[in-house]
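*Asks:* First, the structure itself, so that you have it in front of you.
Only the coordinates and a few stated rules stand behind these numbers; no lab work does. Keep in mind it's a predicted model, so treat the numbers as computed, not measured. Cβ: placed from backbone, ideal geometry, glycine included. Neighbour counts: every protein chain shown.
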Amino acid sequence: MPNSIKVTQTGGVVLVELNRPKALNALNQEIMEEIVETLVPLDRDPSVGCFVLTGNEKAFAAGADIKEMGSKTYMDVFTNDLFADWDKFAAMRTPKIAAVAGYALGGGCELAMMCDMIFAAESAQFGQPEIKLGVMPGMGGSQRLTKLVGKSKAMDMILTGRMMDAVEAERSGLAARVIANDELMAETMKAAETIASFGKPSVMMARETVERALESSLREGLMFERRVFQSMFATEDQKEGMAAFAEKRKAEFKGK
Ligand code: HXC
């Protein structure tokens, strides 16, 4: 049983709650291992249609665990490839929504950005304050934040270490939605249920195609999209979705 996260499945939605409240959900080795070991098998489970990753009212996660990391040597972090296992979480193919309230700092902001979309409570505070610790982002912040908000604002965040509130995060493209604090989980779960109600293969293909936009030229991305779109005509869900529309009924997707 995981110790630093709580995992609950309701229908097709898996809710993952970071659970180190005394350390503001600081991301230590244990929490990373538990997330990867618990969620990667669920990623391949056809009954799981969406993940929601969240923290608590005070913090989504206040960063990588500074106390655990502080005394490590270069050889420790290089030979163990510190933080590399987070790539396994980022690479999961089932959609994942970060529901962020309170602090999402350093590795916490980077973990939220590994998700496919960020829903921010009004209380959310995003930041990459590593510069204040004598380091810099190391879990994707310099790359993902720049792709999401552009060079100028990423430089502002990373070089000054300042925080960004939910409204600024939404305006800048970091967050998909700003939600009242007490509605964050209900609205996020509703969106996750909607995603999980669709055929998993088409959702995975659409997700992968959007993801490709961040990594390819427009020409390559458009070709990838066209080919993936065309391949969907091999699925039963495409036949069902279009037939249901024509017959004025709700589609029953089978994930085939
Ligand atoms: C370990 C942490 C922590 C962290 C908070 N805590 N953040 N422990 N690693 N990242 C612990 C505190 O030490 C404290 O423990 C408890 O959580 C509550 O925190 P407080 O500071 O007392 O709370 P508050 O005064 O409300 O301030 C909240 C805060 C502050 C502004 C978020 O905690 C803070 O600045 N935290 C660090 C944020 C940060 O620098 N993140 C980036 C980390 S580096 P005790 O035992 O005293 O109660 C990073 C690197 C990524 O993420 C990869 C590149 C290296």
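*Asks:* No solvent, one uniform scatterer per C-alpha: report log10 I(q)/I(0) for the range 97-256 via the Debye equation at q = 0.10, 0.14 1/Å, two decimals.
*Replies:* For the range 97-256, the Cα-only Debye profile gives -0.47, -0.82.
*Asks:* Can you tell me the relative contact order of the range 165-256? Whole percent, Cα pairs under 8 Å, sequence separation 6 or more.
*Replies:* 25
*Asks:* When ranked by the protection proxy of mean other Cβ atoms within 10 Å per residue, highest first, what sequence do the peptides 148-154, 97-103 form?
*Replies:* Descending packing order for the listed peptides: 97-103, 148-154.
*Asks:* Here is a further query. Go through Ala176, Ile5, Val135 and say which Cα lies farthest out towards the positive end of the charge dipole of the chain; charges sit on Cβ, +1 for Lys and Arg, -1 for Asp and Glu.
*Replies:* Ala176
*Asks:* Among residues other than Glu34 whose Cβ falls under 14 Å from its Cβ, what is the net charge (Lys/Arg +1, Asp/Glu -1)?
*Replies:* Computed value for this residue: -3.
*Asks:* Further, regarding this structure: Could you work out how much longer the chain between Val167 and Glu57 gets when fully extended? Use 0.36 nm per residue separation minus the Cα distance between them, nm to one decimal.
*Replies:* Fully extending the segment from Val167 to Glu57 adds 37.9 nm.
*Asks:* While we're looking at this one, here's another question. Val40 versus Asn80, label points 7 Å from Cα toward the beta carbon: distance in nm?
*Replies:* Inter-label distance under the simple model: 1.7 nm.
*Asks:* May I ask you to evaluate 6.51 cos²θ - 1.76 cosθ + 1.60, the Karplus curve with θ = phi - 60°, for each residue of the range 205-214 and list the ³J(HN,Hα) values in order in whole Hz, giving x for glycine and proline?
*Replies:* Working through the residues one at a time gives 5, 5, 4, 5, 6, 5, 4, 4, 4, 7 Hz.
*Asks:* Along its three principal axes, how long is the range 110-151 when you only count alpha carbons? Whole Å, largest extent first please.
*Replies:* Extents along the principal axes, in whole Å: 30, 22, 18.
*Asks:* Moving on to the next point. Give me the percent relative contact order of the chain, please, defined on Cα pairs under 8 angstrom at least 6 residues apart.
*Replies:* Relative contact order of the chain: 16 percent.
*Asks:* Report, in whole Å, the centroid distance computed from the Cα atoms of the range 1-65 and the range 127-165.
*Replies:* 23
*Asks:* With the cut-off at 1.5 for a/c, could you classify the range 43-171 from its C-alpha gyration tensor as rounded, prolate or oblate?
*Replies:* It is oblate, given that a/c is not under 1.5 and a/b is not larger than b/c.
*Asks:* Give me the dipole magnitude in Debye, nearest 20, for the chain about the Cα centre, with unit charges on the beta carbon: positive for Lys and Arg, negative for Asp and Glu.
*Replies:* Using only the charged Cβ atoms, the result is roughly 620 debye.
*Asks:* I've got another one for you. Could I have the simple spin-label model distance between Glu220 and Glu30, label points 7 Å from Cα toward Cβ, reported in nm to one decimal?
*Replies:* With each label point 7 Å from Cα toward Cβ, the separation is 4.2 nm.
*Asks:* How many percent of all Cα-Cα pairs in the range 52-120 sit more than 17 Å apart?
*Replies:* 47
*Asks:* Next question, about the same structure. What ³J(HN,Hα) values, in whole Hz, does the Karplus curve 6.51 cos²θ - 1.76 cosθ + 1.60 give for the range 50-65 when θ = phi - 60°, with x put for Gly and Pro?
*Replies:* So the J values, rounded to whole Hz, are 6, 9, 10, 10, 9, x, 9, 5, 7, 8, 5, 6, 8, x, 4, 6.
*Asks:* Among 75-83, 220-228, 187-195, what's the highest-first ranking by average C-beta atoms within 10 angstrom per residue?
*Replies:* My ranking of the peptides, most packed first, is 187-195, 220-228, 75-83.
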